Amino acid sequence: MVTREEKKEFCSTNGYVKYAGVHLVIEVWKAKNLSSLPLIEKALRQAVDACGATLLKIDLHQFSPSGGISGVAIIQESHISIHTWPEYQYAAIDIFVCGEVDPYKAIPVLKEYFGSDNMQIAELKRGIL
């Protein structure tokens, strides 16, 4: 029998509300490096590390002729996804995590790799219990 101490909790709480996870919806404007597969893979790896998540797999696809990239870092605690439009200097990024992972720690990594402070961030609490 598993005791309460042995059971790992994957839900989060802010002291008042218990929820399944935090989902950041991030819009990056005036961004650079949006058509570089190696750079985007490196950015995702470092974002995963920064927020304290456990990387399982990264899958990226590049489109032509625009060079835009769509992909996901699958993490034990959920995912980080990215979709880029180099022709508009725009990227849409989602960071969805559960448990003790802090998605906000990935923001400085994204700013560094995409060379932009022009970001809009919305937070959703998913699965309010």
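The values are calculated or read from the model by the stated rules, or taken from the named source; none is laboratory data. Quick caveat: nothing in here was measured; it's all calculated off a predicted structure. Using ideal geometry, Cβ is built from the backbone for each residue, glycine included, and neighbour counts are taken over all protein chains shown. Please note that ligands, DNA and RNA were not included when accessible areas were found on the heavy atoms of the full protein model with its side chains. Shrake-Rupley method; radii C 1.70, N 1.55, O 1.52, S 1.80 Å.
The amide H of His79, built 1.01 Å from its N in the peptide plane, has Phe96 as neighbours under 5 Å, considering only residues 5 or more places off or on other chains.
Which FRET efficiency value, to the nearest 0.05, is calculated for Leu129 and Lys57 with the Förster distance at 25 angstrom and r the Cβ-Cβ distance?
Details: r = 28 Å, r/R0 = 1.12.
Result of the calculation: an efficiency of 0.35.
Compute the convex hull volume of the Cα atoms of the range 25-129, divide it by the residue count, and report the result per residue in Å³ as a whole number.
On the way: hull volume 8.9 nm³, N = 105.
Output value, Cα hull per residue: 85 Å³.
Protein heavy-atom surface of the range 1-120, 1.4 angstrom probe: 52% of the accessible area is carbon and sulfur, with nucleic acids and ligands not counted. One Cα centroid belongs to the range 97-117, the other to the range 45-85; the line between them spans 12 Å. Computed 3J(HN,Hα) for the range 56-73, one whole-Hz value per residue from the Karplus formula 6.51 cos²θ - 1.76 cosθ + 1.60 where θ = phi - 60°, is 9, 6, 10, 10, 10, 9, 9, 9, 10, x, 6, x, x, 10, 10, x, 8, 9, glycine and proline marked x.
Hey, if we sort Leu124, Leu55 by accessible area with the 1.4 Å probe, largest down, what's the order?
Largest accessible area first, the list is Leu124, Leu55.
Measure nothing but the geometry: give the 0 to 90° angle between the long axis through the Cα atoms of 37-51 and the longest principal axis through the Cα atoms of the chain, rounded to 10°. Once rounded, one gets 30 degrees.
For Glu87 and Tyr16, FRET efficiency with R0 = 41 Å and r from the beta-carbon atoms, rounded to 0.05? Before the final figure, lay out each step's value.
Numbers: r = 44 Å, r/R0 = 1.07.
Plugging the Cβ-Cβ distance into 1/(1 + (r/R0)^6) gives 0.40.
Val25 contributes an accessible area of around 60 Å² to the protein surface, as traced by a 1.4 Å probe with all chains present.
Per residue, how large is the accessible surface of the chain? Use a 1.4 angstrom probe and give square angstrom.
Values: 7660 Å² over 129 residues.
Roughly 59 Å² per residue, with all protein chains present.
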